[in-house]
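S.K.: Let me give you the structure first, and then I'll get to my questions.
Read-outs throughout are calculated quantities, based only on the coordinates presented, and are distinct from any laboratory measurement. Being a predicted model, the structure only gives us computed values, none of them experimental. As a convention, Cβ positions derive from the backbone with ideal geometry for all residues, glycine included, and neighbour counts pool all protein chains shown.
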Amino acid sequence: MEVKLKSISTESIPEAISKIETYRYLNEPEEAESICRDILAIDPDNQMARRLLGLSITDQFTGGPGDRCGEAEGIFRSLQDRYEQLYYTGLVRERWAKAQLAAGRPPHTLVPLFEGALQCFEEAEQIRPAGNDDTILRWNRCVRLLESRVGSEWQQHDVEPFDVHDSPPV
């Protein structure tokens, strides 16, 4: 018996999107990722499926070497909307930094990831849609996380101190 993937119908995409969201809520990101790939196999430009695929990948971050940060960033860079490219790239960096922090990585090694996330959120904020403050909410979460640790945890002897109130590097 030959085992190969089957294609879903174009008409089933809305229901499949709903299932992706359900699996993400149930903390089953591998299931959500699989459905995203099924949608993209028949509709490669489906922006919702691309966003959800990238998010499903970030839902799987553990802070280990198997995290697919580059893959998630590539998916988000392929989005058509510049705001979404920036916002979701910032989200990848924030989630990857938080996963590594939870895995026990020294905080000072994660400062560049947080700075990268803040830079993306700052750039996205400049072009955000009216009434959309998602970038500000993410920025504030990163700042609060940075402020939640003792300052010395974010520094190493020869590392420049990071002031969370400064703008991210351009």
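S.K.: Could you please tell me which pairs satisfy a Cβ distance under 6 Å, a separation of 6+ or placement on different chains, a first residue in the range 31-48 that is touching a residue at least 24 places away in the same chain (Cβ under 8 Å), and a second residue that is in a helix (DSSP H, G or I) and of a type outside the set (S, T, N, Q)?
M.R.: Here the result reads Ala32/Ile20; Ala32/Tyr23; Ala32/Arg24; Ile39/Ile13; Ile39/Ala16; Ile39/Ala49; Asn46/Ile39; Met48/Ile17, each pair linking the range 31-48 to a residue that is in a helix (DSSP H, G or I) and of a type outside the set (S, T, N, Q).
S.K.: Any chance you could count how many residues in the range 110-135 are touching a helix residue (DSSP H, G or I) at 6+ places or on another chain (Cβ under 8 Å) and either farther than 26 Å from Asp81 by Cβ or surrounded by 14 or more Cβ atoms within 10 Å (Cβ to Cβ) (or both)?
M.R.: Result for the range 110-135: 17.
S.K.: Conditions first: (1) within 18 Å of the chain's Cα centre (by Cα); (2) more than 30 Å from Asn46 (Cα to Cα); (3) of a type in the set (Asp, Glu). Glu147 passes all but one, so which condition is the exception?
M.R.: For Glu147, the failing item is (1).
S.K.: Look through Glu94, Glu71 and report the one residue that is free of Cβ contacts under 8 Å to residues at least 24 places away in the same chain and either closer than 26 Å to Glu125 by Cα or not in a helix (DSSP H, G or I) (or both).
M.R.: That would be Glu71, the only listed residue that is free of Cβ contacts under 8 Å to residues at least 24 places away in the same chain and either closer than 26 Å to Glu125 by Cα or not in a helix (DSSP H, G or I) (or both).
S.K.: Kindly provide the set of residues from the range 107-131 that are touching a residue at least 12 places away in the same chain (Cβ under 8 Å) and in a loop (DSSP other than H, G, I, E, B), ordered by number.
M.R.: Ile127, Arg128, Pro129 - these are the residues of the range 107-131 that are touching a residue at least 12 places away in the same chain (Cβ under 8 Å) and in a loop (DSSP other than H, G, I, E, B).
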